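Asks: Below is the structure I would like to discuss, written out as structure tokens.
The values are calculated or read from the model by the stated rules, or taken from the named source; none is laboratory data. These numbers come from a predicted model, not from an experiment. Heads up, the Cβs are rebuilt from the backbone with ideal geometry, glycines too, and the neighbour counts pull from every protein chain shown.
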């Protein structure tokens, strides 16, 4: 969205993103239904929905804290650089902890 200049471009891009994301939750349900029994599916999907809501709730707060810290930090990193660096570090720690590296 960084290259969007007009309101019409914004509406077109958001519509395209919405159309592309529309099948994600049903796709997750389809994948869960192929792995779990019928009795287990609702609990697994509820965990997925809860995790999505919590990540949306806390993701903005954490991003705001990181970019706020970037404005007071004496380094030459911009807000986006600082946010990307912290995201990469968190991803690396999670991957190392899960044994996939």
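Asks: How about the range 19-28: which of its residues are assigned to a helix (DSSP H, G or I) and farther than 26 Å from residue 91 by Cβ? Give the derivation first.
Replies: If we filter the range 19-28 for residues that are assigned to a helix (DSSP H, G or I), which is where we start, we get 19-21, 24-28.
Result: 19, 26.
Asks: Surrounded by fewer than 11 Cβ atoms within 10 Å (Cβ to Cβ) and either at pLDDT 85 or above or farther than 25 Å from residue 21 by Cα (or both), is that true of residue 33? Full working, then the answer.
Replies: Working: surrounded by fewer than 11 Cβ atoms within 10 Å (Cβ to Cβ): no; either at pLDDT 85 or above or farther than 25 Å from residue 21 by Cα (or both): yes.
Taking the combined requirement at face value, the residue does not satisfy it.
Asks: State all residues of the range 77-94 that are free of Cβ contacts under 8 Å to residues at least 12 places away in the same chain, assigned to a helix (DSSP H, G or I) and surrounded by 12 or more Cβ atoms within 10 Å (Cβ to Cβ); if no residue qualifies, say none.
Replies: 81, 84, 85, 87
Asks: Mind checking whether some residue in the range 38-58 is on the phi < 0 side of the Ramachandran plot, surrounded by 10 or more Cβ atoms within 10 Å (Cβ to Cβ), assigned to a loop (DSSP other than H, G, I, E, B) and over 18 Å from the mean Cα position of the chain (by Cα)?
Replies: no
Asks: In the range 4-23, how many residues are surrounded by fewer than 10 Cβ atoms within 10 Å (Cβ to Cβ) and closer than 21 Å to residue 87 by Cβ?
Replies: Counting residues in the range 4-23 that are surrounded by fewer than 10 Cβ atoms within 10 Å (Cβ to Cβ) and closer than 21 Å to residue 87 by Cβ gives 1.
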